[in-house]
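J.: Sharing a structure here in structure tokens format.
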Amino acid sequence: MDPIELNADLHCHSDVSDGTLSPEGVAARAHANGVQLWSLTDHDEVGGQQRALRAARELGLPYLSGVEVSVTFAGKTVHIVGLGFDIEDAALREGLAATRGGRGQRAHEMAQALAEAGIENAYEGALRYVGNPELISRTHFARFLVDSGVCANTPEVFRHYLADGKPGFVPHRWAALADAVGWIRGAGGMAVIAHPGRYNFSPNEEHAFVGEFKALGGEGVEVVTGSHRPDEYPKYAAMALEFGLYASRGSDFHSPDESHTDLGTLPLLPGKLIPVWELLAERVHMP
Ligand code: AMP
Ligand code: MN
Ligand code: MN
Ligand code: MN
């Protein structure tokens, strides 16, 4: 499990959150694409973990438990991936339930805001794409706006309607960073900063964020991810080395129709980095 050359995909989504494939479907696609170590990391939810683990076992695919927790830090939304935790841990499950608890109300407010921008019935529209009633997300609204012809594709929906500051955006308070890291570590897992290149932090804010994450017991950072451009990999490789963080790799795959990065197709982690799976070797479920 140690070599840095391992084709690990430790970040992706199923229809238990905002992906379009079932956990079994994601497992089959990861396996077919040559993934050698897999983790399903649905947003704020571990409801797909048993199914993912079972499917991985049947395919002979080593598996790490996973989740992607929504966090509010310094007024901005950041994502923290948890890997290799006990999926039955009660405090983690309660924390995740509380984190996703506000999504229903937020979705109604988003629909109201979109109605004011001239788009009617967006709540009912988005709901048609939802696989898990507790997990309605902006992605489901985006699918509705694409399929109803308002926008040509998901990135366009975010640019025009759903990104921070756009007409359908509703500010939301997610989990605190200390709580998210604490739940993951309390359940025996490793906390990993997801796609650090996607946050609009100034250099000082970014340094404060990573420093606080590390001080709270966070141990990893995604370097090679489908949510980074290849020219961003060296910057986050340097961040991993500067802060003494383990490096992770994952496609952030959501859907065969939408995702530009398929499962297991990213470049390998650059040398010198220590991969997260080196520390998590004991937590891997071998088939
Ligand atoms: P939410 O947790 O409801 O705020 O939704 C966040 C999700 O929206 C992310 O996990 C992505 O799947 C998706 N998303 C965010 N920004 C974009 C974007 N610019 N283009 C496409 N999808 C996006
Ligand atoms: Mn998503
Ligand atoms: Mn994310
Ligand atoms: Mn993700």
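J.: Averaging over every viewing direction, what projected area does the convex hull of the Cα atoms of the chain cover, in nm²?
T.: Average projection, Cα convex hull of the chain: 13.4 nm².
J.: Mind listing P(r) for segment 57-193? All alpha-carbon pairs, 10 Å bins, whole percents.
T.: For segment 57-193, the pair-distance distribution reads 12, 35, 30, 19, 3, 0.
J.: Add -39500 (n - 2.57) for each DSSP H run of 4 or more in the chain, then divide by its residues: what number comes out at 222 nm, to the nearest 500 deg cm²/dmol?
T.: Per the formula, -10500 deg cm²/dmol.
J.: Pull up all non-local amide H partners of residue 18: gap of 5 or more, or a different chain, and H-to-H distance under 5 Å with H placed in the peptide plane.
T.: Long-range HN contacts for residue 18: 43.
J.: Here is a follow-up. Going by average Cβ density within 10 Å per residue, which order do the peptides 35-48, 220-233, 16-29 take, highest to lowest?
T.: 35-48, 16-29, 220-233
J.: Quick one: check the C-alpha center-to-center distance for segment 20-67 versus segment 83-133, whole angstrom.
T.: 22
J.: Treating cross-link reach as a plain straight distance, find the lysines whose alpha-carbon is under 28 Å from the alpha-carbon of residue 166, omitting any fewer than eight places away in the same chain.
T.: Here the lysines satisfying the reach criterion relative to residue 166 are 76.
J.: Now a separate question. Can you list residues whose amide H is under 5 Å from residue 73's amide H, if they're 5+ apart or on another chain and H is modeled 1.01 Å from N?
T.: Residues meeting the amide H criterion: 78.
J.: Using a Gaussian network model of the chain whose springs link C-alpha atoms within less than 10 Å, name the residue from 75, 102, 186 with the highest mean-square fluctuation.
T.: 75
J.: What is the angle, in °, between the Cα long axis of helix 49-59 and the longest principal axis of the Cα atoms in the chain? Nearest 10 is fine, range 0 to 90.
T.: 60
J.: So, one more: Report ³J(HN,Hα) in whole Hz for each residue of segment 248-255, in order, from the Karplus equation J = 6.51 cos²θ - 1.76 cosθ + 1.60 where θ = phi - 60°; Gly and Pro get x.
T.: Result, ordered by residue: 10, 9, x, 6, 6, 5, 10, 6 Hz.
J.: Place a +1 charge on the Cβ of each Lys and Arg in the chain and a -1 charge on the Cβ of each Asp and Glu, then give the dipole magnitude about the Cα centre in debye, rounded to the nearest 20.
T.: Dipole size: approximately 140 debye.
J.: Where the centroid of each part is defined by its Cα atoms, how far is segment 148-176 from segment 178-245 in Å?
T.: Segment 148-176 and segment 178-245 have Cα centres spaced 24 Å from each other.
J.: Note the angle between two axes, namely the Cα long axis of helix 90-101 and the longest principal axis of the Cα atoms of the chain, as a number of degrees from 0 to 90, rounded to the nearest 10.
T.: Computed tilt is about 30 degrees.
Values in this text are rule-based calculations from the coordinates and carry no lab data. Please read these numbers as outputs of a predicted model, since none were measured by experiment. Cβ coordinates were reconstructed from backbone atoms using ideal geometry, including for glycine residues, and neighbour counts include every protein chain displayed.
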